[in-house]
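Heads up, the thing below is written out as structure tokens.
The values are calculated or read from the model by the stated rules, or taken from the named source; none is laboratory data. Keep in mind the model is a prediction, meaning the values are calculated, not measured. Ideal geometry is used to build each Cβ from the backbone, glycine not excepted, and the neighbour counts take in all protein chains shown. Areas reflect the complete protein model, heavy atoms only, side chains present, ligands, DNA and RNA absent. Shrake-Rupley method; radii C 1.70, N 1.55, O 1.52, S 1.80 Å.
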Amino acid sequence: MKLQQLRYIWEVAHHDLNVSATAQSLYTSQPGISKQIRLLEDELGVEVFSRSGKHLTHITPAGQSIIDKAGEILRTVESIKQVAQEFCNEKKGSLSIATTHTQARYALPKVISAFIKDYPDVALHMHQGTPIQISELAVNGSVDFAIATEGLELFSDLVMMPCYKWNRSILVTKDHPLASVSMPTIEEIAQHPIITYVFGFTGRSKLDEAFERNGLEPKVVFTATDADVIKTYVRLGLGVGIIAGMAYDQVHDSDLVAIDASHLFGASTTMIGCRRGTFLRAYMYEFLELFAPHLTKSLVDQAFKLHTKTAMDELFAHVNLPTR
């Protein structure tokens, strides 16, 4: 059994069983990958993939267990490499982050700018997606950190650390009936069409809970994952926008009226997640503290030793999270 063979089955499984695409991503040949997979299957005495002719059709039950173990081995190998890199050059390497559009557009720019200034030789990669996609990327080792408000709690393999709290703003055009109402009620909001985030995205659950708690059903006419898209459709007069307060730009969005909605919807907490067992290099600790100053190396190390949500809640109970 070779490490290369384990990498091949892992990559094929994560390229929708497309051997040709896998070969391109690994800069090798398709026949070479197919041959090594066959050799591994012969050695193990089981099929990792089922086939129809020359095409892979699905992963076998035994194959799924083998691929999961292969992923663990590959991540361990990567951690070993990172340990060596840390001692060779602590300011050179790479950092991958998966997050939502709102975080990437409004919460991270200053952090990224400061980080690049301190670590110009660290290659920074950012991936955007839904909270579930973001969490999966962290769990399977494709990224170092996942930053989101929802979804991370579904994955027990992630160490989740609270970063900051945020509230919502209601956006309307200047000629909208609510434009002159400083503290609208939930009933007043429910009377209008609503444009907001997709369900399960960027704290959407808090919004739904507020309407349900008051026995109301919101008239959600349009949803999006991008706050800027939501603002575009508010400008078209299609409805009342409800977005993260941080996503309102006083300069670029001056044609819209933003109404603080903290009295209507509970605050949400943005979390940063990292796969358990990850070797954190010095610049990773630096990134964490730049993004959330209370996440010092000492506190992060303590968090990595905990394995239950209750213990994690107790650890961060004394931390006064900032509100953005």
Do we find that E314 is modelled with pLDDT of 95 or more and open to solvent by 50 Å² or more (accessible area, probe 1.4 Å) in this structure?
no
Exactly one condition in (1) out of contact with any Leu (no Cβ under 6 Å at 6 or more places or on another chain); (2) open to solvent by 60 Å² or more (accessible area, probe 1.4 Å) is false for E286; which is it?
(2)
Inspect the range 248-268 for any residue being β-branched (V, I, T) and open to solvent by less than 40 Å² (accessible area, probe 1.4 Å) and give the result as yes or no.
yes
From the list G53, G63, G71, exactly one residue is at pLDDT 90 or above, open to solvent by less than 80 Å² (accessible area, probe 1.4 Å) and not β-branched (V, I, T). Which is it?
G63
Test for V83: is it hydrophobic (A, V, I, L, M, F, W, C), surrounded by fewer than 17 Cβ atoms within 10 Å (Cβ to Cβ), touching a helix residue (DSSP H, G or I) at 6+ places or on another chain (Cβ under 8 Å) and closer than 30 Å to I37 by Cβ
no
Would the range 79-92 turn up any residue that is in contact with a Pro (Cβ under 9 Å, 6 or more places away or on another chain) and at pLDDT below 85?
yes
Restricting to the range 106-122, and then to whatever is open to solvent by 40 Å² or more (accessible area, probe 1.4 Å) and not aliphatic (A, V, I, L, M), can you tell me which residue is nearest to N167 (Cα to Cα)?
Y106
Of all residues in the range 207-227 being open to solvent by 70 Å² or more (accessible area, probe 1.4 Å) and touching a residue at least 12 places away in the same chain (Cβ under 8 Å), the one that is nearest to A148 (Cα to Cα):
E209
How many residues are basic (K, R) and within 20 Å of L3 (Cβ to Cβ) if we restrict to the range 16-74?
3
Apart from one, (1) open to solvent by 60 Å² or more (accessible area, probe 1.4 Å); (2) at pLDDT 90 or above all hold for I230; the odd one out is (1)
Take the residues of the range 169-211 that are under 20 Å from the mean Cα position of the chain (by Cα) and not in a helix (DSSP H, G or I): which is farthest from G241 (Cα to Cα)?
G200
Taking the criterion of being under 20 Å from P184 (Cα atoms) and open to solvent by 20 Å² or more (accessible area, probe 1.4 Å), would at least one residue in the range 240-247 satisfy it?
yes
In the range 20-38, which residues are more than 33 Å from the chain's Cα centre (by Cα) and open to solvent by 80 Å² or more (accessible area, probe 1.4 Å)?
P31, K35, R38
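Please go through the range 123-167 and pick out each residue that is in a strand (DSSP E or B) and open to solvent by 10 Å² or more (accessible area, probe 1.4 Å).
A123, L124, H125, M126, H127, Q128, M160, P162, K165
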Restricting to the range 212-250, give me the number of residues that are of a type in the set (D, E), under 16 Å from L171 (Cβ atoms) and not in a helix (DSSP H, G or I).
2
Candidates H294, H307, filtered to the one that is in a loop (DSSP other than H, G, I, E, B), over 18 Å from the mean Cα position of the chain (by Cα) and surrounded by fewer than 17 Cβ atoms within 10 Å (Cβ to Cβ)
H307
